[in-house]
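The values are calculated or read from the model by the stated rules, or taken from the named source; none is laboratory data. Just so it is clear, the structure is predicted and the values come from calculations on it, not from any experiment. Here the Cβ positions follow ideal geometry from the backbone for every residue, glycine too, while neighbour counts run over all protein chains shown. Just so you know, the surface numbers come from the protein's heavy atoms only, side chains and all, with ligands and any DNA or RNA stripped out. Shrake-Rupley method; radii C 1.70, N 1.55, O 1.52, S 1.80 Å.
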There are 2 protein chains.
Amino acid sequence: MIILDGVGDRPIKKIGKKTPLEKANTPNLDKIAKNGINGIMDPISPGTRPGSDTAHLSLLGYKPKETYRGRGPFEAAGTGIDIKENDICFRVNYATKKDNKIIDRRANRIKKTKEISKSIKNNIKNIEGTEIIFKDSTAHRAALVLRGEELSDKITRSDPKETNKPPEKMEPLEKDAEKTARILKKFIQRAERVLKNHPANKKRKKQNKLPANTLLLRGAGKTPDVQNFQKKYGLKGTIISATGLIQGIGKIIGLDVVQPKGTTCGYDSNLNNKSKATKKALKNNDFVLLHIKGGDEVSHDGDYKKKIDFLENKVDSAIGNVLESINNRFLTILTADHSTPISIKDHSADPVPLSIMGEGTRTDEVKSFDENTYQGGLCRIKGKNLFPISLDLINKTHKFGA
Amino acid sequence: MIILDGVGDRPIKKIGKKTPLEKANTPNLDKIAKNGINGIMDPISPGTRPGSDTAHLSLLGYKPKETYRGRGPFEAAGTGIDIKENDICFRVNYATKKDNKIIDRRANRIKKTKEISKSIKNNIKNIEGTEIIFKDSTAHRAALVLRGEELSDKITRSDPKETNKPPEKMEPLEKDAEKTARILKKFIQRAERVLKNHPANKKRKKQNKLPANTLLLRGAGKTPDVQNFQKKYGLKGTIISATGLIQGIGKIIGLDVVQPKGTTCGYDSNLNNKSKATKKALKNNDFVLLHIKGGDEVSHDGDYKKKIDFLENKVDSAIGNVLESINNRFLTILTADHSTPISIKDHSADPVPLSIMGEGTRTDEVKSFDENTYQGGLCRIKGKNLFPISLDLINKTHKFGA
């Protein structure tokens, strides 16, 4: 399963009302469409604008409405924290606060936070009997987990989402969240004390960089109780991704998670290493999910040229490399988790293209992988249909009836 | 409604990657597609591999997830037993046991079991206050019904499904099934005593045929409480089928059931007589379901040549005969209950072709009845949508709203 994050788009006037996928020359992606069966897919449901997390859950056959309670658990699992059912998890940003206003939500896009994260971890282990687990992720990102009794994820974020505003108060949304709100308030205060005179921030001051002097929390979520992927499907699986959120989904549903060297969430990701990792994983797995994030990032930036370039010069050859290793044992599923139209620089509910290629499966007249795959034999399906359909095409479904 | 059982398929290399429906020359089937509106249909839902029973229920507008509790009730009703709500029913095979191992699951495909079935019926009428109803069906098949208090269908089968294995113990799957398990154990023991020295088996011994000396039970199910077809739709209906399971569905939902002379579940069925029976039924019914099983049987055998032959030389002319009698009063629905691809010799979840022809209904560009009907105006629908859509096309739906 190849998921090109955010690759679906809308027509762009400057390139003759074509979409980046229509415009880009992508012979390897088109090979899958040409030899497979095609359609379009609403990752969640028509008109529902998906997140990458909810969309991935849906495409993997997990019901997002039941299993999704915020991005926190996936972010936390993605950092490597061994989260447990009922943990309350948050996505954290290192940020810069001045005169009680957030002046940079990413503390000058601080790169290394291992050292200061360790200080927070070592200084704050328990508040009111609740275990505090804190871990750094890439760049300005980190995760916080509260583990204990009588906790709730029904709580607002502290991240004001804009600069020059004070951090928001984390408000309990239900009576049972008051204890959690109190703990979080204490946690942020204590973390700020740890950060205030931290050597890393003193060093940043000397370098004329903004200090990482506070933490912004968002994405509160309770760890869901989801069925293990292998138990659910009888398939041993691996996910290849450089994105914490997606890695976290893999960890929570029990997939092996691989982040190949030099891979990132962006245009600069080393997709050659992703291909290699995928080929390796195909040798001893029944299921491999290859996640490629760059197309989404350049879409959020509104850069259609870079999106076309990324598809033509990076994605297509990477997929070509992978295709060499795919034998009859495998079904190849090529799709996106959601559309991120250049024109709106954010996710949209536009359905995504879908091509499925496998030994003996039906085919159709579609010749290229783009938004016109709606003309193919799959017509329009929902994300939740993808896994059942795919399992049937590898003869792994149970018969309902006689 | 014409249901070509198991007719949907996947491309077959030996015939130029065509499906049997694409390859076969079927002018009468194509006439329906050409003059009608077309689409593909997931009998239950995308990726769900249907049985013939669950698919028929769905296509007739009955929810299989609510009404289907195993094939037993449909098999039993198909034999002519007048089953009642809450009866616990089983499909039964006459089989041959030696040294406590099943050496033939069909007792040499024994042909006549009327006589021995009568002996079982007359000798075993009641166990622990539970009424025992036993009846022969075609060839090695029979049905068993338990009628009484405190019975359960949550019980495993005795049929080991393979030869050279002992029959399985019928295990209760819930506490409330223990009494049922006890009754079934006693029933099988008593039936074996009846069969042991039965004249029919003595005769088989002389003919060097394996004796029918035991019974294998499977498909446990409690008779569902379903709404009568005529009450539900205001249509008087008849089902024309030679298949016990499908006849049973007809009986349970209250359709008249007709099995024309010389018709079978196979390639050898007299489809001419089925056409005649259909034409006759059209005269005094609002709804006629013509079920043709042979395409499924040859698919389970993996014989694509026979599937093409059956379609070209038997099915197409039979449908041609029926079409002569269809007037404007009727809508013609041509479809399958599920796909049975030659390549996998079993049901798959691949959607089935669907053509609906009626006076004044919309049409499209589709010219032939095969798996490419997805290009038509119905796009991709679910089996549960078929009856509501069809009722609307004959102006029999109620308006929802003003």
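Taking B:Lys382, is it of a type outside the set (Val, Ile, Thr), touching a His at 6+ places or on another chain (Cβ under 7 Å) and open to solvent by 20 Å² or more (accessible area, probe 1.4 Å)? Considered against the rule, which asks whether it is of a type outside the set (Val, Ile, Thr), touching a His at 6+ places or on another chain (Cβ under 7 Å) and open to solvent by 20 Å² or more (accessible area, probe 1.4 Å), B:Lys382 comes out as no.
Considering A:Lys179, A:Lys232, the condition of being in a helix (DSSP H, G or I) and either of a type in the set (Ser, Thr, Tyr) or within 17 Å of A:Leu60 (Cβ to Cβ) (or both) is satisfied by A:Lys232 alone. When B:Leu290 is tested against (1) in contact with a Lys or Arg (Cβ under 8 Å, 6 or more places away or on another chain); (2) of a type outside the set (Phe, Trp, Tyr); (3) closer than 23 Å to B:Pro11 by Cβ, exactly one condition is not met: (3).
In the set B:Lys111, B:Lys121, B:Lys125, which member is more than 30 Å from B:Thr48 (Cβ to Cβ), open to solvent by 80 Å² or more (accessible area, probe 1.4 Å) and either at pLDDT below 95 or in contact with a His (Cβ under 8 Å, 6 or more places away or on another chain) (or both)? Spell out how you get there, then give the answer.
On the way: B:Lys121 fails: either at pLDDT below 95 or in contact with a His (Cβ under 8 Å, 6 or more places away or on another chain) (or both); B:Lys125 fails: either at pLDDT below 95 or in contact with a His (Cβ under 8 Å, 6 or more places away or on another chain) (or both).
Going through B:Lys111, B:Lys121, B:Lys125 in turn, just one is more than 30 Å from B:Thr48 (Cβ to Cβ), open to solvent by 80 Å² or more (accessible area, probe 1.4 Å) and either at pLDDT below 95 or in contact with a His (Cβ under 8 Å, 6 or more places away or on another chain) (or both): B:Lys111.
Residue count for region A:355-402 satisfying the condition of being of a type in the set (Val, Ile, Thr), touching a Ser or Thr at 6+ places or on another chain (Cβ under 6 Å) and within 7 Å of chain B (Cβ to nearest Cβ): 0. Note on region A:355-376: residues that are surrounded by 21 or more Cβ atoms within 10 Å (Cβ to Cβ) and either hydrophobic (A, V, I, L, M, F, W, C) or not in a loop (DSSP other than H, G, I, E, B) (or both) amount to 7.
Filter region B:317-344 down to residues that are assigned to a strand (DSSP E or B) and either under 16 Å from B:Ala33 (Cα atoms) or open to solvent by 10 Å² or more (accessible area, probe 1.4 Å) (or both), then give me how many there are. Explain how you work it out, then say what you get.
So the first thing to find is which residues in region B:317-344 are assigned to a strand (DSSP E or B), and the list is B:332-335, B:339.
Retained after the next criterion (residues that are either under 16 Å from B:Ala33 (Cα atoms) or open to solvent by 10 Å² or more (accessible area, probe 1.4 Å) (or both)): B:332-335.
Residues in region B:317-344 being assigned to a strand (DSSP E or B) and either under 16 Å from B:Ala33 (Cα atoms) or open to solvent by 10 Å² or more (accessible area, probe 1.4 Å) (or both): 4 in total.
Within region B:155-174, one or more residues are among the aliphatic types (A, V, I, L, M), open to solvent by 30 Å² or more (accessible area, probe 1.4 Å) and assigned to a loop (DSSP other than H, G, I, E, B).
Tell me whether region A:378-398 contains one or more residues that are among the basic types (Lys, Arg) and at pLDDT below 95.
Taking region A:378-398 as the starting set, the residues that turn out to be among the basic types (Lys, Arg) are A:380, A:382, A:384, A:396.
Still in the running and at pLDDT below 95: A:396.
Checking region A:378-398: at least one residue is among the basic types (Lys, Arg) and at pLDDT below 95.
Restricting to region B:62-84, give me the number of residues that are under 30 Å from B:Lys121 (Cβ atoms), more than 7 Å from chain A (Cβ to nearest Cβ) and assigned to a loop (DSSP other than H, G, I, E, B). I'd like the intermediate steps shown before the answer.
From region B:62-84, those under 30 Å from B:Lys121 (Cβ atoms) are B:67-84; that's our starting set.
Checking which are more than 7 Å from chain A (Cβ to nearest Cβ) leaves us with B:67, B:69-70, B:72-84.
Add one more test, that the residue is assigned to a loop (DSSP other than H, G, I, E, B), and what stays is B:69-70, B:80-84.
Of the residues in that region, 7 qualify.
Residue by residue through region B:42-61, note down the ones that are more than 7 Å from every other protein chain (Cβ to nearest Cβ) and over 15 Å from the mean Cα position of the chain (by Cα). B:Asp42, B:Ser45, B:Gly61 - these are the residues of region B:42-61 that are more than 7 Å from every other protein chain (Cβ to nearest Cβ) and over 15 Å from the mean Cα position of the chain (by Cα).
Check region A:20-28 and report whether any residue there is among the small types (Gly, Ala, Ser) and either touching an Asp or Glu at 6+ places or on another chain (Cβ under 7 Å) or in contact (Cβ under 8 Å) with a residue 40 or more places away in the chain (or both). Yes, region A:20-28 contains at least one residue that is among the small types (Gly, Ala, Ser) and either touching an Asp or Glu at 6+ places or on another chain (Cβ under 7 Å) or in contact (Cβ under 8 Å) with a residue 40 or more places away in the chain (or both).
For region B:345-354, give me each residue that is surrounded by 19 or more Cβ atoms within 10 Å (Cβ to Cβ), within 10 Å of another protein chain (Cβ to nearest Cβ) and of a type outside the set (A, V, I, L, M).
Hits for region B:345-354 are B:His347, B:Ser348, B:Asp350, B:Pro351.
Give region B:283-308 a look and list any residue that's surrounded by fewer than 16 Cβ atoms within 10 Å (Cβ to Cβ) and of a type in the set (D, E, K, R), or say none. Before you say what the answer is, go through the steps one by one.
At the first step, the residues of region B:283-308 found to be surrounded by fewer than 16 Cβ atoms within 10 Å (Cβ to Cβ) are B:283-284, B:300-302, B:305.
Listed by number, the residues that qualify are B:Lys283, B:Asp301, B:Lys305.
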